[in-house]
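Below you'll find the structure, written out as structure tokens, and then a few comments.
The values are calculated or read from the model by the stated rules, or taken from the named source; none is laboratory data. Since this is a predicted model, take the numbers as computed values, not measurements. With ideal geometry, Cβ positions are generated from the backbone for all residues, glycine too; neighbour counts draw on all protein chains shown.
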Amino acid sequence: MSKGASASGLNGFDMMVFRYRNELEFVVSIVNTVFAFLLNCSGGVILVVYSLIMTAYIAIRNQASEQERKAFFHLPLFPFINIACLGFVVLIFVAMLSDPVQRTTGIASLGTCLLFMIIYWTCCITHRSARHS
């Protein structure tokens with residue numbers, strides 16, 4: 001076998017390995033991107049859920065009587081801590097939306113929450129109109 005034929009065969013083999021390695025790197029990069037998006041999106045939804053818990057705490061505490069407040073609600077610096085936490089959640093979402101890498105994640109998180117709020121309001125309106133008729 002000549003050295004030229006053997007070098008040509010090795011060159012072809014190298015090209016094949018290089019091609020498949022590039023395709024594998026492409027697939028791995030897609031998987032990493034999707035995985036990072038899902039992790040960030042769930043983090044965004046967790047922030048929204050946490051803010052809903054804080055606003056529910058504020059609403060329930062404001063509706064409770066003075067006796068119930070003393071018995072069940074023991075959060076020091078009551079409205080200020082909740083409002084500060086809500087402010088930090090808003091700040092995190094502003095940072096997510098201003099970063100081009102995180103923007104799609106922030107939009108997806110807020111969009112998902114908005115979708116479920118619209119569904120909830122639609123169900124409430126439908127239920128209320130069925131109850132009054």
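Of all residues in the range 105-133, how many are over 20 Å from VAL49 (Cβ atoms), part of a helix (DSSP H, G or I) and among the polar types (S, T, N, Q)? Give the steps one after another, and end with the answer.
First, the residues of the range 105-133 that are over 20 Å from VAL49 (Cβ atoms): 122, 125-133.
When the remaining residues are screened for being part of a helix (DSSP H, G or I), the result is 122, 125-132.
After this cut, where a residue has to be among the polar types (S, T, N, Q) as well, the list is 122, 126, 129.
Summing the residues that are over 20 Å from VAL49 (Cβ atoms), part of a helix (DSSP H, G or I) and among the polar types (S, T, N, Q) in the range 105-133 gives 3.
If ASN82 satisfies all but one of (1) within 30 Å of ARG103 (Cα to Cα); (2) modelled with pLDDT under 85, what's the number of the condition it fails?
(2)
Tally time: how many residues in the range 100-119 are under 21 Å from ALA36 (Cβ atoms) and more than 14 Å from the chain's Cα centre (by Cα)?
Let us first name the residues in the range 100-119 that are under 21 Å from ALA36 (Cβ atoms), namely 100-113.
Imposing the further condition that a residue be more than 14 Å from the chain's Cα centre (by Cα) reduces the set to 100.
Qualifying residue count for the region: 1.
Got a sec? Which of SER65, SER129, SER98, SER51 is of a type in the set (Ser, Thr, Tyr) and surrounded by 11 or more Cβ atoms within 10 Å (Cβ to Cβ)? Steps first, answer last, please.
Working: SER65 fails: surrounded by 11 or more Cβ atoms within 10 Å (Cβ to Cβ); SER129 fails: surrounded by 11 or more Cβ atoms within 10 Å (Cβ to Cβ); SER98 fails: surrounded by 11 or more Cβ atoms within 10 Å (Cβ to Cβ).
After ruling out the rest, the residue left standing is SER51.
In the range 68-86, is there at least one residue being under 20 Å from the mean Cα position of the chain (by Cα), surrounded by fewer than 15 Cβ atoms within 10 Å (Cβ to Cβ), in a helix (DSSP H, G or I) and of a type in the set (Phe, Trp, Tyr)?
no
Cβ-Cβ distance below 6 Å, separation of 6 or more or different chains: which pairs start in the range 64-84 with a residue that is closer than 27 Å to LEU47 by Cβ and end on one that is surrounded by 10 or more Cβ atoms within 10 Å (Cβ to Cβ)?
Pairs that qualify, where the first residue is closer than 27 Å to LEU47 by Cβ and the partner is surrounded by 10 or more Cβ atoms within 10 Å (Cβ to Cβ), are PHE73/ARG61; ASN82/MET54; ASN82/ILE58.
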